[in-house]
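No lab work stands behind these numbers, since they all come straight from the coordinates. Here the structure is a predicted model, which means the values were calculated and not measured. Note that each Cβ is placed from the backbone with ideal geometry, even for glycine, and that neighbours are counted across all protein chains shown.
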Amino acid sequence: MFYYLGPWELSDDAEGKRWHPPEGTLGLVDLRPLAPTECFGFFATEKELGSDYLFLGSQLDEPVKEDLAGKWASALGISRLEGATVLDCLWEILTVRADPEGGVRAKPILPTHLGMLELHLGGDSLVRSRRFQGVSDPAWPNIQAVLQADYRVIYAQALKAESTDRTVHQRLLGAWQAKYGLADARLFIPSDLPVEVPIRPQTTISDNFNRATLGANWTAVDGTWDIYNSVQLRNTAEVVIPATLRYDASSLSSDDHYAQITYLSASMTSKWMGPMVRFASDGETGYCARIHALGTERNIYKDVAGTLTSLWTDANGGGPPQTIKLSADGTSISLYDDGVLAQTITDSAISGNLRVGVASFSITRGDNFIAEDLTVTFKGRLLKRDPACRTLCGGLIHA
């Protein structure tokens, strides 16, 4: 294995404009700011790359010489890197040296709903993990900054929302208390916003599309969508890649959630469909799965304002009909194909988005959409973890 720091490549073809890693990449971590640019990615490859890429070593536990660490830090705009090995430096970049705003480089990794900080690298799988240590964790200042920024956005949305979404920020606080094991909800709230009481996180979404019209619950963000006892993307003269459909009747309670859909068919073998998670409520940003109808390719994509980045791909898609599930858990993004885990990758760019939906290209059909908070799925175990939480919440969120 070879490990490199270097630029992403940009393609623009019949399937649209998208960023992708250099040829021969087996695993990667995107170290760019949220708005996609050329630089930089951390790439694990099966072959040597050219001079545009900084060679970091052939082993993750390989010692990093001071001059190499200096070049790596300088490229990312970091004053210094103190890690002893390649993996130490990468972990440092994604924790204590991360950019909470995502303006100049990657945001920090966040714990899973079970409280674990994880770093996945395709080709090596899970390369490092440890339990989140609360407010004493070295990464907490950066994590807290991300959470408070996300809460600010969701709080503003709740003020404008209807029905159950009027309390979405309180449900989010309840989910975060359980996840982070912190009883004081004020730790998640920016100091200039009012203190709110957390409530039980509980959201499950399902739709079998057994009706004649799409209805008010769904918003076609891009493309034209119809209902024929399934949901169908209709081909139009103007090709939208990806076309996306967002569930807008309510938000989930946490950005640790999954969405799944049964991919039924496509008009051509090059067309694709998949669920979308962490879907922004006011634009086209989130993570989506892509399964080609021919079954020769599966992808995990990051969609930032309609610009795609390929985070993982393989050639074992199988082909429809098949049930595709995408899970976002902390910064661990997992694709399941007919109930079997295909891959888990790490990406820290998108957090705080509580909507879900479907992404597709050209004429495709899907059915039986389901989405749920991971915190709800495991609430019997999680919401009792911190007894102080029950006192603060007046017993509202204990399972």
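In order along region 65-81, the Karplus-derived 3J(HN,Hα) couplings, from 6.51 cos²θ - 1.76 cosθ + 1.60 at θ = phi - 60°, round to 5, 4, 5, 5, 4, x, 5, 4, 5, 4, 4, 9, x, 10, 5, 6, 10 Hz, and Gly and Pro are given as x.
When the chain is treated as a Gaussian network with alpha carbon springs shorter than 10 Å, the biggest mean-square fluctuation among S332, S11, S253 belongs to S11.
Please give me, ordered by residue number, the chymotrypsin sites (Phe, Trp or Tyr not before Pro) of region 298-378 that lie in loop per DSSP and have at most 16 other Cβ atoms within 10 Å.
When the chymotrypsin sites (Phe, Trp or Tyr not before Pro) of region 298-378 are filtered for loop state and at most 16 Cβ neighbours within 10 Å, F378 remain.
The gain in end-to-end length when the D61 to E23 segment is fully stretched comes to 11.3 nm, 0.36 nm per residue minus the alpha carbon separation. Placing +1 on the Cβ of every Lys and Arg and -1 on the Cβ of every Asp and Glu, with no other charges, gives the chain a dipole of roughly 1240 debye about its Cα centre. Each of D314, D99 has some number of other Cβ atoms within 10 Å of its Cβ, and from fewest to most they run D314, D99. Using the Cβ of W225 as centre and a radius below 12 Å, the other residues enclosed give a net charge of +1, where K and R count +1 and D and E count -1. Given a Förster distance of 45 Å, report the FRET efficiency between E101 and N316 from their Cβ-Cβ distance, rounded to the nearest 0.05. Here the calculated transfer efficiency is 0.75. As a calculated quantity, the FRET efficiency between N210 and M1 at R0 = 56 Å, using C-beta atoms, amounts to about 0.70. Exposed loop sites were defined as GluC sites (Glu not before Pro) in DSSP loop states (anything but H, G, I, E or B) carrying at most 14 other C-beta atoms within 10 Å; in the chain the longest segment without such a site runs 239-399.
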